[in-house]
Amino acid sequence: MNFNKHVWGVCFISVFIIFMVCSVTAFAQFKTEEIRALTTWSYTYGNYDYNVAHSIKPTSDGGYIVAGPTRAYGSGEYDFWILKLNVMGGIEWQKAIGGYSDEYTYNIEQTKDGGYVMIGCYASNNKGGYYDVWVIKLDAGGNIEWQKAYGSANTDYGWEIHQLVDEGYILAGKYGTVNCLNCKVLVIRLDSNGEIIWQKIMANAIWNENVCVQKIKRGNYLVTGNVNTVGSGGFDIWLAELDSNGNIIWQKAYGGPSDDFVYIVRESLEGGYLLVGKTKSFGAGDFDAFVMKLDENGNIMWQKTYGGSAYERGWILEQLNPRFGEDCHGYILGGDTYSFGTGYSDMWILKLDGNGNIIWQKSYGGAGYDGLLSLNQAKDGGYIVSGWTISFGAGFYDYWVLKLNQYGTLETPCEYIKDTNIIPANAQFIAVDTYFTAMTSDLTVQVTYHPAIDTPAIPSAVCGWVAR
């Protein structure tokens with residue numbers, strides 16, 4: 001009798017232990033899946049009106065900073081709108097900055113002191129609607145440290161800004177007449193307080209297309225524009241290397257028989273440079289995205305187009321960090337597609353190898369219009385993406401921000417992410433030398449005094465749940 005009780009006791013304890021182990025294992029697996037799901041997410045941010053997320057960057061605390069123009073919040077018609085997000089996409093703080101008129105921001109990045117610098121254009125300047133370049137420096141909490149406008153008697157736009165080793169800044173924009181009908185590429189070197197060290201204008205720029213500047217390893221700068229006075233037809237791509245004082249070292253135009261536009265230049269870890277944009281000269285459709293790899297002197301090494309029967313645009317490209325493993329060699333290309341996806345236009349992301357061949361490709365969008373404007377590799381090897389959506393959210397245009405895994409997907413099912421099936425084609429751009437002169441421009445600095453206003457937006461999920 002005692003023996004039977006002992007056997008039953010041992011059996012009960014064994015079953016209890018097995019039950020507890022299985023429960024703990026199942027709970028741990030559930031928590032692991034939950035954590036994995038939380039590291040990917042897709043949210044909109046906005047209100048009843050226009051909000052477009054032009055720029056997003058990872059931050060040192062594992063979160064993200066995102067900025068763009070808003071008409072839903074702030075003091076004027078359009079204002080800068082900045083969101084600080086945590087790792088799960090929840091809002092830590094949000095601010096709108098602007099005057100009584102139109103202010104648009106196009107680029108933001110974190111600075112070495114943990115704060116942020118952003119650039120755009122500024123019309124609250126009593127110049128009758130002509131814009132100035134506007135640069136704002138924030139602290140880590142979104143409070144304004146300084147804000148300055150840089151302008152001439154005409155219209156000037158700011159597009160891209162980067163902090164340098166000495167904690168000063170290099171920025172690119174446009175300088176020209178009203179509506180930028182005869183704009184020049186503008187490059188300005190600032191000190192850490194936003195005072196001008198030097199300023200140059202050169203070549204040509206088109207009012208509704210990007211200009212870009214990039215610091216390269218040997219201490220010089222690359223700058224891009226779009227010119228219609230040289231090359232082989234229509235608008236052409238223009239690229240120049242500048243020395244540390246803004247003087248042109250070499251310059252080239254790249255083009256085909258029709259219009260070609262460049263949106264970004266990046267230095268490759270393997271040496272040389274990459275240009276990204278859209279081309280009507282080559283490819284399968286109306287405009288196609290292109291990537292062009294150059295050597296350090298601007299000579300073409302390879303060139304490819306990516307597109308379907310309609311319109312595609314390559315907007316941004318970043319080199320992948322090989323520390324994340326074999327899956328993270330090559331490049332990630334972002335843009336828009338009208339040929340593929342769910343709606344009229346979708347976000348479009350392609351992972352490329354080092355020679356421009358496609359590893360995977362996906363579209364992201366709903367039944368309406370959606371577009372990609374910024375893309376970076378996140379600290380976990382995945383990708384952080386921002387742009388705009390009409391398909392989802394609360395308003396006419398909303399910020400749309402996605403945190404994707406390294407395969408370009410969410411860990412939760414999402415019907416709005418689809419594979420696309422284009423095959424890259426070789427392009428035939430021709431490079432020609434150009435002979436533009438870099439001239440000193442006449443912009444002056446004006447200190448501005450606009451407050452940072454707290455805004456009340458909350459995230460809205462697109463596939464999955466909402467983080468706080």
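Just a few scattered comments:
- I170 being at pLDDT 95 or above and touching a His at 6+ places or on another chain (Cβ under 6 Å): yes
- Screening G225, G255 for residues that are of a type outside the set (S, T, Y), closer than 22 Å to Y306 by Cα, out of contact with any Lys or Arg (no Cβ under 9 Å at 6 or more places or on another chain) and surrounded by 21 or more Cβ atoms within 10 Å (Cβ to Cβ) leaves exactly one candidate, G255.
- Residue under evaluation G114, criteria (1) modelled with pLDDT of 95 or more; (2) on the phi < 0 side of the Ramachandran plot; (3) surrounded by fewer than 20 Cβ atoms within 10 Å (Cβ to Cβ), criterion not met: (2)
- Residue identified as in contact with an Asp or Glu (Cβ under 9 Å, 6 or more places away or on another chain), surrounded by 22 or more Cβ atoms within 10 Å (Cβ to Cβ), modelled with pLDDT of 95 or more and closer than 24 Å to L242 by Cα among G277, G314, G272: G277
- Qualifying positions in segment 353-383 - hydrophobic (A, V, I, L, M, F, W, C) and either within 17 Å of the chain's Cα centre (by Cα) or surrounded by 23 or more Cβ atoms within 10 Å (Cβ to Cβ) (or both): L372, L373, L375, A378
- For the residues G283, G219, G246, the requirement of being part of a loop (DSSP other than H, G, I, E, B), closer than 22 Å to Y306 by Cβ and over 19 Å from the mean Cα position of the chain (by Cα) singles out G283.
- The residues of segment 74-111 that are over 19 Å from the mean Cα position of the chain (by Cα), hydroxyl-bearing (S, T, Y) and surrounded by fewer than 22 Cβ atoms within 10 Å (Cβ to Cβ), listed by number, are S75, Y100, S101.
- Filtered by the rule that a residue be over 22 Å from Y254 (Cα atoms) and either of a type in the set (A, V, I, L, M, F, W, C) or in contact (Cβ under 8 Å) with a residue 40 or more places away in the chain (or both), segment 304-318 gives G308, A310.
- Identity of the residue in segment 382-392, in a strand (DSSP E or B) and small (G, A, S), that ends up nearest to D346 (Cα to Cα): G387
- Taking segment 393-449 as the region of interest, the strands (runs of 3 or more DSSP E) fully inside it that hold 2 or more residues being over 30 Å from L186 (Cα atoms) and touching a strand residue (DSSP E or B) at 6+ places or on another chain (Cβ under 8 Å) are 398-404, 417-419.
- Top-ranked residue in segment 384-425 [being within 14 Å of G334 (Cβ to Cβ) and among the polar types (S, T, N, Q); ranked as surrounded by the most Cβ atoms within 10 Å (Cβ to Cβ)]: S386
- When E267 is tested against (1) within 20 Å of G371 (Cβ to Cβ); (2) among the charged types (D, E, K, R); (3) crowded, with 17+ Cβ neighbours inside 10 Å, only condition (1) is not met.
- Residue match in segment 38-52 (condition: hydrophobic (A, V, I, L, M, F, W, C), at pLDDT below 50 and under 24 Å from the mean Cα position of the chain (by Cα)): no
- Subset of segment 117-134 [under 23 Å from the mean Cα position of the chain (by Cα) and surrounded by fewer than 24 Cβ atoms within 10 Å (Cβ to Cβ)]: V117
- Number of residues in segment 174-216 that are crowded, with 19+ Cβ neighbours inside 10 Å, in a loop (DSSP other than H, G, I, E, B) and either charged (D, E, K, R) or modelled with pLDDT of 95 or more (or both): the value is 2.
- Single unsatisfied condition, K148 versus (1) surrounded by 22 or more Cβ atoms within 10 Å (Cβ to Cβ); (2) outside any loop (DSSP other than H, G, I, E, B); (3) of a type outside the set (D, E): (1)
The values are calculated or read from the model by the stated rules, or taken from the named source; none is laboratory data. Just so it is clear, the structure is predicted and the values come from calculations on it, not from any experiment. FYI the Cβ positions are ideal-geometry reconstructions off the backbone, even for glycines, and counts take in every protein chain you see.
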